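First up is the structure itself, then whatever we jot down about it.
The values are calculated or read from the model by the stated rules, or taken from the named source; none is laboratory data. What you see is a predicted model, and the numbers here were worked out from it, not measured in a lab. With ideal geometry, Cβ positions are generated from the backbone for all residues, glycine too; neighbour counts draw on all protein chains shown. Surface accessibility is based on the protein's heavy atoms, side chains included, excluding ligands, DNA and RNA. Shrake-Rupley method; radii C 1.70, N 1.55, O 1.52, S 1.80 Å.
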Amino acid sequence: VYLNALGFDDARLAEVGLLVTPEGASEPRPRFRGRLIFPIFDVSSRVVGFGGRLLGPGEPKYLNSPESPIFTKGRLLYGLNWAKQAARRDERMLVVEGYFDAVRLIGAGVESVVAPMGTALTEEQAKLIRRYTDRVYLLYDSDKAGLKATFRSGDELLRQGAAVQVVTLPDGEDPDSFVRAHGARGLETQLASSLDVFERKIQLLDRGGWFADLRRKRQALDRLLPTLRATSDPLTRDLYLGHASAAAGVTRELLQREIESPSRGRSAGVAPTRGGGSARPARPAFDEPEPQVRHDERRRPTG
């Protein structure tokens with residue numbers, strides 16, 4: 001009613017996704033009914049869409065505006081309009097999963113933080129981040145979905161030449177709850193104890209026993225190779241090669257040939273094959289079966 005009073009008719013509101021007509025219904029209803037609304041700004045601080053967080057039980061927990069001529073979620077980062085100057089000042093960008101996480105950190109004085117519209121970063125979002133910094137911290141959940149998003153985002157950022165660190169919060173915490181309890185100072189301690197994204201991947205594989213026998217070692221390397229291929233900075237790739245070689249007990253030269261081989265899983269979703277056979281579908285990194293993170297193995301801050 002308020003938007004109608006401002007001159008926006010139902011057809012225009014439906015076009016941008018503020019009104020929807022459920023199947024079988026005759027009248028449109030607000031898309032974000034029963035949700036806390038977050039305006040989504042583009043980098044120039046223009047409102048281009050909305051995110052709605054459910055206030056009660058139900059699914060989905062978060063709901064974004066639908067794709068429209070002004071809203072393409074894969075090309076936007078929540079909070080970038082506020083974070084861009086802070087990222088240049090702090091020489092870093094923090095990436096969290098949800099709007100609440102971003103708002104909580106900003107409220108605590110950690111301003112160089114953004115959240116994607118989905119989970120893993122897209123190429124366009126990684127490029128946006130690289131405009132303002134080359135140092136990125138990923139603060140995703142440590143469950144299965146969070147690990148997938150962490151390493152997919154990490155690979156995309158590595159393609160853009162960023163240095164990527166993974167922050168693992170104590171069990172049961174997310175950035176929102178952690179900063180509420182420990183403040184910005186506590187978060188800075190966690191950032192100081194973060195791990196390089198490739199080191200974190202090797203750590204999880206090692207703790208899950210993936211380097212224990214030849215068959216699983218080959219599978220572990222299949223999970224490491226996409227990150228090695230994604231790393232565009234030559235020095236970083238060389239460091240990663242040395243780390244992977246030591247962890248898996250294979251020579252750097254063999255790994256380098258595997259990376260450069262055009263027949264070894266260069267296409268997305270294709271895994272290496274043996275004996276010239278047809279390619280088999282690749283499991284995403286840390287899909288089933290996956291390494292398990294024990295509660296006592298989480299990296300804790302020192303000092």
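What fraction of the Cα pairs in segment 160-222, stated in percent, has a spacing above 12 angstrom? When all Cα pairs of segment 160-222 are counted, 73 percent exceed 12 Å. Using the 1.4 Å probe convention, the accessible area of segment 73-178 works out to 37 Å² per residue with neighbouring protein chains retained. From a point 7 Å beyond the Cα of ARG207 in the direction of its Cβ, which residues of segment 157-178 have a backbone N at a distance under 17 Å? Counting only backbone N, you get 165-174. Assuming R0 = 35 Å, can you tell me the calculated FRET efficiency for the pair SER45 and LEU214, based on Cβ-Cβ distance, to the nearest 0.05? It comes to 0.05. The convex hull defined by the C-alpha atoms of segment 51-100 has an orientation-averaged projected area of 4.5 nm².
Shown for segment 51-182 is the translational diffusion coefficient from the Stokes-Einstein equation, using the Kirkwood radius over Cα pairs, a temperature of 4 °C and a viscosity of 1.567 mPa s: 86 µm²/s. The lysines whose alpha-carbon is closer than 30 Å to the alpha-carbon of LYS127, local same-chain residues fewer than 8 away aside, are LYS61, LYS73, LYS84, LYS144, LYS148, LYS201.
Beta bridges assigned by DSSP with both partners in segment 77-200 are antiparallel in approximately 30 percent of cases. Taking Rh as the Kirkwood radius computed over C-alpha pairs, what is the Stokes-Einstein D of segment 106-196 at 20 °C in a medium of viscosity 1.002 mPa s, expressed in µm² per second? Rounded, D is 158 µm²/s.
The ratio of the alpha-carbon radius of gyration of segment 130-242 to the globular-protein estimate 2.2 N^0.38 Å is 1.13.
Extending 7 Å from the Cα toward the beta-carbon at both ASP238 and ALA11 defines two label points whose distance is 6.4 nm.
Using a simple spin-label model with pseudo-atoms 7 Å out from Cα toward Cβ, LEU55 and ALA246 lie 5.4 nm apart. Radius of gyration (Cα atoms) of segment 1-104, expressed as a multiple of 2.2 N^0.38 Å: 1.22.
In this rough spin-label picture, where each label sits 7 Å from Cα along the Cβ direction, the ARG131-GLU91 distance is 2.3 nm.
Normalised radius of gyration (Cα atoms, divided by 2.2 N^0.38 Å) for segment 213-264: 1.05.
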